[in-house]
Amino acid sequence: MSNKDKSSQISGFYKLSIKDRIELVKKFSNLNDEETQLFSSCLNMDIADRMIENVLGTFEIPLGIAVNFLINNKDYLVPMAIEESSVVAAASNAAKIARINGGFKTECTEPLMIGQIQILHIDDVVGSAKKILNKKKEILKLANNQDKVLVKFGGGAKDIEVRILDSPIGKMIVVHLIVDVRDAMGANAVNTMCEALAPMLEEIANGKVRLKILSNLADKRIVKAKAVFDKEKMGGEKVVDAFLESYNLAAIDPYRAATHNKGIMNGIDSLIIATGNDFRAIEAGAHAYAAKNGQYTSLSHYYKDKNGNLVGELELPMAIGIIGGVGNIHPKAKLCKKILGIKTAKELAEIVVSLGLAQNFAAVFALSTVGIQKGHMSLHAKNIAVMAGAEGNEIDKVAEKMIKEGKIKIDRAEEILKEIR
């Protein structure tokens, strides 16, 4: 299938059998038979044993595909590894609405990561801070000697920042080493550089280095996504107004903002996991960024355009890579990257943030109109049916009856199952 023939706008994808879904993704992403077999295989135990310690087995979660995504005028099928009902469907529907007005538009800064080097027990912190800045050229040279391959590809240590902080144990200096990590997440490269700089900085500052490690608040590596959600498709301007009323609570109240941002991370984490990246690092950076002005608030921002359409924007740090780490070891992570057709970490970051915006829009849209339970519980009903012992066609029959009655409970599922049988 040529690029011009590819479209992620797929009607009724959820109605297809698993076999037919795989066949569609196979054609879209040019997968071979061996790769498509990975969808139903488990992680090889030898690989698992090399990934972490004390391995007993593997733990699988469902891998789904979000459709309809148009990002910077390119179509994507988006793999999502997640166990929560309705998330994949909600993201696909949000992307369908965004698509009417051109889909998602994104922008990225350079892939700059921060390494922190903490220096303690300094007699003259102001004087030492100046000395460190005066030695910037030598510091950067030593850092770049640790990773000449990264430098060869245009990355490497680019700058330093020196901060003086007060603490209960006295004043300290924290040096920030700014490193362009190119298509890597960057933790290993940055940590290696920081450790190599410790002796030099101790000598310059006449102090003692303690911590020397990357920061997960990657606020120099920012990605922004924007989409216009069609007001008519949403149900009219009154629905847009209802959406904005719901959003504004997240903007002013940390209790709502935490749940609001969780909805964003439903989308983001699922793709981070699917591509073998570190979702804990992304979570930590995102939530810290949400509190960057002193109060925890919404990561996303919504407003109306001149035509009354809803405009959504999402901005957050995105420290992810496509080389190194688990993403180059785990067969399904490699497969998911091929499905996306990505060539750079920047492109992956743009997809991730677009997915986060889509997921957030879908959640707030549901909350401000029919309520979150309608779609969520419809899918949850099938899980309850399975828990009650339903099999095959029984699952849909039991779920449909519970939904119709508005009683999605395991005891009712068991009663219905008995009636059917």
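Quick notes
- Scanning segment 130-157 for residues that are of a type in the set (A, V, I, L, M) and in contact (Cβ under 8 Å) with a residue 60 or more places away in the chain yields ILE132, ILE139.
- Residue satisfying all of: in segment 250-266; touching a residue at least 24 places away in the same chain (Cβ under 8 Å) and polar (S, T, N, Q); surrounded by the most Cβ atoms within 10 Å (Cβ to Cβ) among these: ASN261
- Unique match (being farther than 23 Å from ASN248 by Cα and modelled with pLDDT of 90 or more) among GLY356, GLY389: GLY389
- Residue check, MET80 touching a strand residue (DSSP E or B) at 6+ places or on another chain (Cβ under 6 Å) and under 20 Å from ILE272 (Cβ atoms): yes
- Being surrounded by fewer than 12 Cβ atoms within 10 Å (Cβ to Cβ), in a helix (DSSP H, G or I) and modelled with pLDDT of 95 or more is not true of ASP46.
- Of the residues making up segment 290-331, those that are in contact with a Leu (Cβ under 8 Å, 6 or more places away or on another chain) and surrounded by fewer than 19 Cβ atoms within 10 Å (Cβ to Cβ) number 6.
- Residues satisfying the stated conditions in segment 25-37, i.e. surrounded by 16 or more Cβ atoms within 10 Å (Cβ to Cβ) and assigned to a helix (DSSP H, G or I): VAL25, LYS26, PHE28, SER29, GLU35, THR36
For (1) basic (Lys, Arg); (2) modelled with pLDDT under 95, each residue gets a yes or a no:
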| site | (1), (2) |
| --- | --- |
| LEU214 | no, no |
| ILE222 | no, no |
| ALA227 | no, no |
| LYS231 | yes, no |
| GLY235 | no, yes |
| LEU249 | no, no |
| ASP253 | no, no |
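- Hey, MET200 part of a helix (DSSP H, G or I) and in contact with a Gly (Cβ under 7 Å, 6 or more places away or on another chain) or not: no
- Unique residue being charged (D, E, K, R), closer than 27 Å to GLY263 by Cα and touching a Ser or Thr at 6+ places or on another chain (Cβ under 9 Å) when the list is GLU35, GLU84, GLU23: GLU84
- Helices (runs of 4 or more DSSP H) contained entirely in segment 206-303, each with at least 2 residues that are over 22 Å from LEU355 (Cβ atoms): 231-234, 237-252, 254-274
- Cβ-Cβ under 7 Å pairs, at least 6 apart or on other chains, segment 90-117 side in contact (Cβ under 8 Å) with a residue 40 or more places away in the chain, far side of a type in the set (Ser, Thr, Tyr) and outside any helix (DSSP H, G or I): ILE114/SER215; GLN116/SER215
- In segment 331-355, the residues that are closer than 21 Å to PRO317 by Cα reach residues that are of a type outside the set (A, V, I, L, M, F, W, C) and modelled with pLDDT under 95 with C-beta atoms within less than 8 angstrom, at least six apart or across chains, in these pairs: LYS337/GLY327.
- Selected residue [modelled with pLDDT of 95 or more, surrounded by fewer than 21 Cβ atoms within 10 Å (Cβ to Cβ), of a type in the set (D, E, K, R) and under 32 Å from the mean Cα position of the chain (by Cα)] from GLU161, GLU203: GLU161
- Within segment 381-411, the set of residues being under 34 Å from the mean Cα position of the chain (by Cα), surrounded by fewer than 19 Cβ atoms within 10 Å (Cβ to Cβ) and in a helix (DSSP H, G or I) comprises ASN383, VAL386, MET387, ASP396, GLU400, ILE403, ILE410.
The values are calculated or read from the model by the stated rules, or taken from the named source; none is laboratory data. The model shown is predicted, which means the values in this text are computed figures rather than measured ones. Backbone-built Cβ (ideal geometry, glycine too); neighbour counts: all protein chains shown.
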